[in-house]
1. If you check 44, 10, which single one turns out to be part of a loop (DSSP other than H, G, I, E, B) and at pLDDT below 90?
2. Please find, among 7, 79, 68, the residue that is touching a strand residue (DSSP E or B) at 6+ places or on another chain (Cβ under 7 Å), within 21 Å of residue 92 (Cα to Cα) and surrounded by 15 or more Cβ atoms within 10 Å (Cβ to Cβ).
3. Which numbered condition trips up residue 70, out of (1) part of a strand (DSSP E or B); (2) touching a helix residue (DSSP H, G or I) at 6+ places or on another chain (Cβ under 8 Å)?
4. For the list (1) in contact with a strand residue (DSSP E or B) (Cβ under 7 Å, 6 or more places away or on another chain); (2) over 21 Å from residue 22 (Cα atoms); (3) at pLDDT 85 or above, I need the number of the one condition that residue 57 fails.
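The values are calculated or read from the model by the stated rules, or taken from the named source; none is laboratory data. Note that the coordinates shown come from a computational prediction; the quantities given were computed from them, not determined experimentally. All Cβ positions, even for glycine, are placed from backbone atoms using ideal geometry, and neighbour counts span all protein chains on display.
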């Protein structure tokens with residue numbers, strides 16, 4: 001299961017991102033594109049350990065950007081937020097390539113910045 005980030009293109013100054021989960025983000029993108037009047041692009045995906053893990057990662061991403069939520073799983077983000085999402089995807093990919101398994105740590109402290117919460121979300125899981 002993956003958590004995916006899909007960007008909708010249309011207006012230059014508006015960054016619209018869908019944060020969701022799917023077994024195959026590529027298939028999900030194709031289904032969404034069929035009904036979309038604008039071009040959609042898969043920005044990236046995070047491979048999760050299980051469906052339950054994907055639900056937690058997705059919820060955390062939704063919680064981080066809760067003020068930018070517009071409808072359902074669609075968010076209107078600034079260029080700074082977009083850069084943070086891209087960083088999150090790249091950092092996750094690097095850790096997965098290194099063989100580290102990511103673990104979700106739900107942060108209740110809303111005082112943390114978006115970047116701090118995203119980095120904590122990617123904290124390596126202890127190995128036993």
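1. Only one candidate qualifies: 10.
2. Result: 7 is the single residue among 7, 79, 68 that is touching a strand residue (DSSP E or B) at 6+ places or on another chain (Cβ under 7 Å), within 21 Å of residue 92 (Cα to Cα) and surrounded by 15 or more Cβ atoms within 10 Å (Cβ to Cβ).
3. (2)
4. (2)
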